[in-house]
Each structure stands twice: as structure tokens, then as C-alpha cells.
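A short write-up of the structure that comes next.
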Amino acid sequence: MSNDLWPHFRPLWQDISSLGQSKCLVAGGYGLYLKQQFLLSQQERIVIPFGQWLDATPRATRDLDLVLGLDLIADEAQNTAVLAALENQGFAVSEKPHDKRWKFLKSIDANQLIIAELHSPTPDDEVEHLASDRVRVKHKPSLGDDGVHGRHNHEAVGGDLRPFRFTIDEVNITVPNPVTWSVMKLVAAGDYRDRSAETTRPSENRQFARNQASKHANDVCRAIAMMTIDEGDSAGDIVPAIADSEPFKRAQAYFEAFFFAEDRWMEAVAGANWQADDFQLIQDVLSSWYTTA
Amino acid sequence: MDTQLLQSQFLDSGVLLDPLRVEATAISPGWGTYRGADLRVEAILPSDGQRFVFAAALQPRSTPKAIHQAIMEIRFCCQQERDEPLLPLIVSPYLSAERLNELEEAGVSGVDLCGNGVITIPGRLLIYRTGNSNSYPDSRTVSAPFRGKSSLVGRVFLSHAANPDGAAKFDSLGDVRDAILEKGGMISMSQVSKAVSALEEERILNTRGRSIFLVEPDQLLTELASAWRPSIKRKLNLRVTDWEQQAERLSAVPDLDWAVTGESSVSKYAAFSQGKPIRIAVSSLSLARENLDAKDESIPNFADIELLETSESGFYFDTKHVVTRNLFDQPIDEIGTHWASALQTWIELVNGDPRQQEVAGEIRDKLIIAPDYSLT
């Protein structure tokens, strides 16, 4: 499915990134997929060469997770241009109240749907023309049906620091730095894992949460395995810049619980995809960020 | 194992080579005309009652040279005119498939104490059995001439074999040792002597008077490669900004042996890119680290160099003569970088992954036939 997303992603991304390329990132499974495709065509050194991966098949996804810069939401003209780009490419806003104005859907046939989710990091208090609550970050005053919101993604902290830029088919793409990516994925895995343990939830719901937790845990490993040498060097600057943030601390707690608790959950859900030494190396890289910060 | 023990174990078995049973044996006294044989062995094929009489030579050493000599002697013995025609037979603790083939080609039967053997009676019988492992490993060689310091003896012969101006021949043991020392190896005279004897037993070297010749370079290459199991004590990954400058620094450290491994020297001998990190064997990791201007790197794939602490002599042997040539065929000194020799490179590649093994094939051709490449 990931490859099939390209014809839908490409024009949308080009339209949105033309508003200011530095203001937008492709995150989530599709961002990892694109980075992997790029690196496979390069000689660039990464933490674990693809030849050593036990499962180098990118995971399938139907979601486009786009992290919008806060200035893109705050600027009325750019904000409405994002909406226009989505609508031009056939995406329609989700009608669910919780998802409204940050989740967009596109039907590609009777049974298949592509979902584009817009995310935004937490704004500083002093940013003009922005309002945020637990769920969303939006323009102030409200643009009503003419604008977009960003889903309030606390974990996108540091996403504007040293993002990774590359080009596929003449399209310039930007994805988050691996530290931010690990924060997003560790917290997502942890939240789903916590939900899967809630006995009051229906079993089907808990099973879904278990699967999602496992998916995000595997993405953590992939994000680290694909870290380039320059990204590795930059991590030394990124970690201190975000180490005091709440999301980083949550990721830190999940890291410790996943790798070092008695049940060795991370090893159980992701260990089989890596050679033992490589899995240890992934842990060591995370450990250098989360235990020394 | 001595001859007495070999004889008693052979006689106790009662079987020559299944299904051939030993019917009767006689120890050689009084066999004046049977010189070269130790036993008269009468065997029977139970299925049809056919009987065969062998003159058996007991050879407690299973080395190629020992078996080869025993074959010559027992054949000569059996060719002598006598009333009773005798079939030649060798008995040894262990006979490898190579030795069994040699026996078969020579028309001589041979059995060992491990269940391997060949019985060859032209026009009447051929039994061949191999695959049982050697239960008497000490019977094979007098030492391990393909590993560690001892391997330098074989290596120095090969380095001469690959040199268009050289010959794989030395006039004395002293010359062998001198050539090893000249190429950076450290070895005593007694180690040279033992290794030469062992290689002679393997029929890889031959001696005439004091002179020593390499007669089986292909076999020597194969044995060196299969014995290659270097012991690495510690490893350290490092980031460096200027590798050439670091090479100069290492060269300036007294008492430090160092060399780029064969795996990382491959581009000097074949069109093959190994990629980073450059692996460097060092005799002391702490001494090397102290003298490098480098940063420790925890991610192996991000390292520019990887230091391997090892005392394996093969890494450091014959590394100091690497010279490349410019477009005008003038030699360029490579600022003292100790690249591995072509032989060391081949040994490591042949033990490597399938891609490396493929490249090893290209390099092997240059190891014995006089090479044309610019490295001398």
C-alpha cells in the first residue's frame, strides 16, 4: 500500500511544501517508508546497514502523517492554502467532531480510503494568532470552515531541529530528526500499550491497541536503525534542547519500561526483527539519549 | 601412536575392511624376502570364500609424506619375485580421502583404525570407504605449520613464488628465517626448522641437501586459508578526520605492530570497494589509542577505523613494501601505510562473505603466477 500512496502524496506534498518547505514534515510510517526508499538508493552510512536487517520490508500504511509548522497554522493565508491543497487533491475533512479540521479522507475506490492527518507541536505561549487545547492547535481567531487545525502532538517536540531532507523523483521531502521521531513513537507505543492493559475496554479494542503498540515499537527500532552519521552527530545537540520537555520525559519513562522491565516488552515485540547485536545497538543508541539526558 | 600399538589394535579388530575378514596373520620374522612388510595378512570374502594374501606395512604416522613413502616401499616389496604372490597393504591410524585416492591410484590397498580404507585387487575387487573422522589427530602432523608464527614459513615461500624475480626456493633454513625477518616477521630458528619439517611431512615442501623448495603452492594456499582463525582480544571503533595522518602516527610508535587487515586492503589488489570502517590490526590497543587523534564511536557503522587487538602474526607479515605507482609508473610512497599483503588479503577474503570469496578468486591467480600488478 505504501507505494500506492505516492501518486496521492506527491501532489499534495508539493502544494503544501511550496508554502514553506521548512514548515512541514512527513512523519509516521509513511515518513519512515520514504526515508528507507531514499537511503536504499544511497551509499550513506546508517546505524544498521539494510543488509543486516532481518525484515527490511517496509510496513504497509494508508496514513499520511504531516507535521505542520506552527507558523503555517498561524498565518491565515498559508493556513487556508493548506486546506485548498487538500481539497484540490480530493481530500475531504472528517466529519467526526474529534477529528474535525485535522483529519482528511480521500476515497480511492469503493473500499479504500487514504487518511491525511495534520499534526502540530505545542506552541509557545507568546505565539500570536495561535490557540491550542488538549486536542488541537488552531488559528486565532477561528477560520471556521476555511482553515485547518493541527492535531496537538506534544511529542513532535524538537521537530523543527535538524530535520532530515532528501529528494525522491525530484520531490524534496523532509522528515523529523531521529530523536523527535523516537519521542513520538515511544509515546505512541506506550499510550497504546497502556490502553491495551485497561480491562474495562472491550477485548477487540484492547487487541487493536496491542497491535498498534507493537507497530509503533517496531517503528522506534526502524527510526534508530536508519539514523545517518550526520543525524547521529546532531542528536548530541537535539537531546539537551528538548530533554526538559514533558514529552521527552514520558518517552524516557517508556524507554526504561520497554527495555528494562522484567517482561522485556520491546524485545518481545521487536527483537525477532533484528540480529541480537543490532537490537542491542538500537538499545544503546536510545540509552545514550534517554539515560544520560 | 607407535608401531606396536598400531599392530595390536589392527590385529584385535579382525576385520580388514567390511566385508573382508582377516582369516590369519603372521608377524614378519623370517620373511627375509618380504623386506618392507611387517605382517602377512590373509583375508577372506565370506560371500564366496575368495582368499587374498597381503603384505602389510604398518605406518603409525598418517602424514602425506609418511604414507607416500610407505606406498613406495610396500609396492617394491610386493614386486619382488617369490613363491606366494602378495598384495600390497598399508595400515595406518587414519587415512584421509586424499590418501585413499593416492593409494587407489598406486594400486595399493590401505586401511586405518577409524573404519576408512580402500581395498584394490585389480580385476577382482574394489572396496572404498571414507568419511569417518580422525580419532588419532596427532598422527597427522608433527606441528601446526599453517597457524600463528609457524605459518610465516609457508607465507615466505609463497611471497617468493609470487615474485617474478624470486623463486620459491631457499638454500638453507637460515635463509628462510632471514627472509621472514626481512618481511617483518619474528621467528626463531627452531620454529623455522619445525615448520619446515611439518610442511615436508605434508609434501608441500621438499628438500635437497640443505635447499628447500615449495612443491605444492596450491595446497599450501588452501591449508593456510582453512587454518585462518585469528584471535581478536579487543575491538575499538574510532572516528578520525584524516586517516593518512593517523597512519603516520601509528608508524611512529615504537614497539607497536600494526597493519590494515586484508579485508580492508582489498582495493589494492582488486576492483572492489570494501567500505568503512578501515579495520586495523594492532598489537596493543591501548598503545595505538593513546597515539591516535581520534574520537571513540559507539556505532560500528559510523566508525572510520576499527582497531583489532591481536597477536596473530599473519596480519603484520610482509606489509611494509606496498608502493603504488602514478600515471607515469613512478612509485609513490603511501606515507607508511601498512597495507596487508596480497596473500593475507586473499586468506581473509576466502574466509569472508560470498562477495568477498568471489574477489578472492581474482587475487588467487596473482599469488602463484608471477604478478603483473604494481605492488611488489
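Points to keep in mind about this one:
- For A:I48, the requirement of being surrounded by 14 or more Cβ atoms within 10 Å (Cβ to Cβ) and within 14 Å of another protein chain (Cβ to nearest Cβ) is met.
- Any hit, the range A:56-71, residues being in a helix (DSSP H, G or I) and either more than 14 Å from chain B (Cβ to nearest Cβ) or free of Cβ contacts under 8 Å to residues at least 12 places away in the same chain (or both): yes
- For beta carbons closer than 7 Å, sequence separation of 6+ or different chains, a first residue in the range B:57-85 that is assigned to a loop (DSSP other than H, G, I, E, B) and a second that is open to solvent by 20 Å² or more (accessible area, probe 1.4 Å) and of a type in the set (S, T, Y), the qualifying pairs are B:P60/B:T3; B:S62/B:Y94; B:T63/B:T141; B:Q80/B:T33; B:R82/B:T33.
- When the residues of the range B:246-260 are filtered to those that are part of a helix (DSSP H, G or I) and open to solvent by 90 Å² or more (accessible area, probe 1.4 Å), the one that is nearest to the other protein chains (Cβ to nearest Cβ) is B:R249.
- Residues of the range A:245-288 that are without any contact (Cβ under 8 Å) to a residue 60 or more places away in the chain, within 14 Å of chain B (Cβ to nearest Cβ) and either closer than 17 Å to A:A213 by Cβ or charged (D, E, K, R) (or both): A:D277, A:D284.
- A:R206 vs. criteria open to solvent by 70 Å² or more (accessible area, probe 1.4 Å), among the basic types (K, R) and either within 14 Å of another protein chain (Cβ to nearest Cβ) or farther than 30 Å from B:V240 by Cα (or both): no
Per-residue answers, yes or no, for (1) open to solvent by less than 70 Å² (accessible area, probe 1.4 Å); (2) within 23 Å of the chain's Cα centre (by Cα):
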site: B:Q79; (1), (2): no, no
site: B:R82; (1), (2): yes, no
site: B:L87; (1), (2): yes, no
site: B:R99; (1), (2): yes, yes
site: B:L103; (1), (2): yes, yes
site: B:V111; (1), (2): yes, no
site: B:P122; (1), (2): no, no
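- A:D233 fulfils the conditions (1) surrounded by fewer than 18 Cβ atoms within 10 Å (Cβ to Cβ); (2) away from chain B (no Cβ under 14 Å) except for a single criterion, (2).
- Test for A:P121: is it at negative phi and open to solvent by less than 40 Å² (accessible area, probe 1.4 Å): yes
- Considering residues of the range A:12-45 that are closer than 26 Å to B:S298 by Cβ and surrounded by fewer than 22 Cβ atoms within 10 Å (Cβ to Cβ) only, the residue nearest to the other protein chains (Cβ to nearest Cβ): A:R45
- Selection of strands (runs of 3 or more DSSP E) fully inside the range B:147-243 by the criterion of at least 2 residues being open to solvent by 30 Å² or more (accessible area, probe 1.4 Å) returns B:205-208, B:234-239.
The values are calculated or read from the model by the stated rules, or taken from the named source; none is laboratory data. Bear in mind the structure is a predicted one, so any value in this text is a computation, not a measurement. Glycine gets a Cβ as well: all are built from the backbone with ideal geometry, and neighbour counts include every protein chain shown. Just the protein is used for accessible areas: all its heavy atoms, side chains included, with ligands, DNA and RNA removed. Shrake-Rupley method; radii C 1.70, N 1.55, O 1.52, S 1.80 Å.
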